[in-house]
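Visitor: I am attaching a structure below and will ask some questions about it afterwards.
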Amino acid sequence: MTTRVKPWLEPHPHGLYVKPADLWIDPSRPVERAAVTHGHADHARSGHGAVFATPETLAIVALRYGVDAAASHNQAFPYGDGFERGGVRFSFHPAGHVLGSAQIAMEYRGERIVVTGDYKRRPDPTCAPFEVVPCDIFITEATFGLPVFRHPPTVDEIAKLIGAVRAEPDRSVLVGAYALGKAQRVIAELRAAGWNAPIYIHGALERMCDLYAVHGVDLGELRLVSEADKAEMAGQIVLAPPSALHDRWSRRLPDPVTAMASGWMRVRQRARQRMIELPLVISDHADWDELIATIEEVNPKESWITHGSEEGLLRWCELTQRKARALHLVGRDLEEEA
Ligand SMILES: [Zn+2]
Ligand SMILES: [Zn+2]
């Protein structure tokens, strides 16, 4: 079902343009003014004139791109807070995806539009939980917008990981986890499950883990693989970015069992292709049930669907007589951060 495009919010392939405010949301190319939902590279790019985001997202952007988050042209807004520009009232609300991730709500002439960015609904010890914001138009991601994607309980996947380490005390278990969000969440979930041993990390994860700790997320004792003896890592958990799993770097580890934490691990063939012995279905994106539960709860007049399997969710909206359309934005990276 196609619907009339709102004249004040224009979807373009490279982002959403808020016309009266002359501002873009998550643009994939440099613009004068950008409101950014969260720090993943497919949402936060470098080179914008001014960035409007949560304080945590600005800190993440500063770390990744070396820009000064405190620069006067950037503005930080804690959850619940916002600004007005060109008659549009903007506000930031938790999305439950990664530290600092926000939904951006906009109100203009009595109409409210919410852009979710990426989100999930299940508890995550590293970030504030998703907030339901009632609205007229709900712009939702759909990374896992097909009924085949149902993420198992996170505690079960963490128990699987701990079980694998204990089963082979002479080996280490090497978990591939995206550097922003997934790595810290896996660590925090391990701590919540009672894993108190030091956790070993690849150097590429160090600064983001430090940033999380500075923002109050307790990750326990982390040690750098580069500073550890091979022998001490036997029977221990090691985290690295997915790209390092089969790299020369992993030879420093004692006969590692290769694991990966991603929603895509639900697809056996993906796990096989990436030579993953221990697939862990741990995702920072809503699964199919969470996506439809969220649309039901928000109950908007219209849903705009983007970032993934638009067609599956669009079909569900049609079947349940909900007004919906697909937005095809370019440059969304569905692989690494899922
Ligand atoms: Zn993301
Ligand atoms: Zn994304």
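Visitor: Under 25 Å between alpha carbons, and skipping anything fewer than 8 positions from Lys160 in its own chain: which lysines qualify?
Guide: List returned: Lys120, Lys182, Lys230.
Visitor: Principal axis extents for region 79-175, Cα atoms only, whole Å, descending order, please.
Guide: Extents along the principal axes, in whole Å: 64, 29, 17.
Visitor: Across 5 Å bins from the origin, how do the percents of Cα pairs in region 1-148 run, short distances first?
Guide: All Cα pairs considered, the percentages come to 2, 10, 20, 24, 22, 14, 7, 2, 0, 0.
Visitor: Just round it to a whole percent: the fraction of Cα-Cα distances in region 191-331 exceeding 22 Å.
Guide: Numbers: 5569 of 9870 pairs.
Cα-Cα pairs in region 191-331 separated by more than 22 Å: 56 percent.
Visitor: Mind computing the radius of gyration and Dmax over the alpha-carbon atoms of region 21-76? Å is fine for both.
Guide: 9.5, 28
Visitor: Sort Val214, Val132, Val51 so that the residue with the fewest other Cβ atoms within 10 Å of its own Cβ comes first and the one with the most comes last. Intermediate results must be reported in sequence, preceding the final value.
Guide: On the way: Val214 10, Val132 13, Val51 25.
The order, fewest Cβ neighbours first, is Val214, Val132, Val51.
Visitor: Two decimals is fine: what's Rg over Rh for region 262-334, C-alpha atoms, Kirkwood radius as Rh?
Guide: Ratio value, two decimals: 1.05.
Visitor: Round to a whole angstrom and tell me the spacing of the C-alpha centers of region 82-132 and region 208-244.
Guide: Cα centroid to Cα centroid, the span is 31 Å.
Visitor: Next question. In nm, what is the difference between 0.36 nm times the number of residues separating Asp210 and Ser226 and their Cα-Cα distance? Please list the in-between numbers first.
Guide: Values: separation 16, 0.36 × 16 = 5.76 nm, distance 1.67 nm.
Full extension from Asp210 to Ser226 adds 4.1 nm.
Visitor: Give, rounded to the nearest 20 debye, the magnitude of the charge dipole that region 114-243 has about its Cα centre when Lys and Arg contribute +1 at Cβ and Asp and Glu contribute -1 at Cβ. Display every interim value, and only then the final one.
Guide: Details: 13 positive and 17 negative charges, 58 e Å.
That gives region 114-243 a dipole magnitude of about 280 debye.
Visitor: Convex hull volume of the Cα atoms in the chain, per residue, in Å³? Write out the running numbers ahead of the final one.
Guide: Details: hull volume 41.9 nm³, N = 338.
It is 124 Å³ per residue.
Visitor: Arranged by the count of other C-beta atoms within 10 angstrom, fewest first, what order do Phe52, Phe90 take? Write down the numbers at each step before the final one.
Guide: Numbers: Phe52 25, Phe90 21.
Fewest-to-most ranking of Phe52, Phe90: Phe90, Phe52.
Visitor: Express as a percent, rounded to the nearest 5, the fraction of DSSP beta bridges in region 1-135 (both residues included) that run antiparallel. Numbers along the way, then the final one.
Guide: Working: 22 of 29 bridges.
The antiparallel proportion sits near 75 percent.
Visitor: List the equivalent ellipsoid semi-axes of region 144-199 in whole Å, largest first, each obtained as the square root of 5λ for an eigenvalue λ of the Cα gyration tensor. Don't skip to the answer; put the middle values down first.
Guide: Numbers: eigenvalues 101, 39, 26 Å².
Output for region 144-199: semi-axes of 22, 14, 11 Å.
Visitor: Straight-line reach from Lys323: which lysines have Cα under 18 Å away, leaving out those fewer than 8 places along the same chain?
Guide: Lys6, Lys301
Visitor: For Ala326, which sequence-distant residues (separation of 5 or more, or a different chain) have an amide H within less than 5 Å of its own amide H, given hydrogens modelled in the peptide plane?
Guide: So Ala326 has HN proximity to Ile305.
Visitor: Mind listing the long-range amide H neighbours of Phe144? Cut-off is under 5 Å, sequence gap 5 or more, other chains count too, H placed in the peptide plane at 1.01 Å from N.
Guide: Ser309
Visitor: Per the Debye formula with a single identical scatterer at each Cα and no solvent contribution, what log10 I(q)/I(0) holds for region 151-245 at q = 0.12, 0.20 Å⁻¹?
Guide: With one equal scatterer per Cα and no solvent, log10 I(q)/I(0) is -0.34, -0.99.
Laboratory data are not the source of any read-out in this text; all were calculated from the coordinates shown. All of these numbers come straight from a predicted model, not from anything done at the bench. Every residue, glycine as well, gets a Cβ built from its backbone with ideal geometry; the counts of neighbours run over all protein chains shown.
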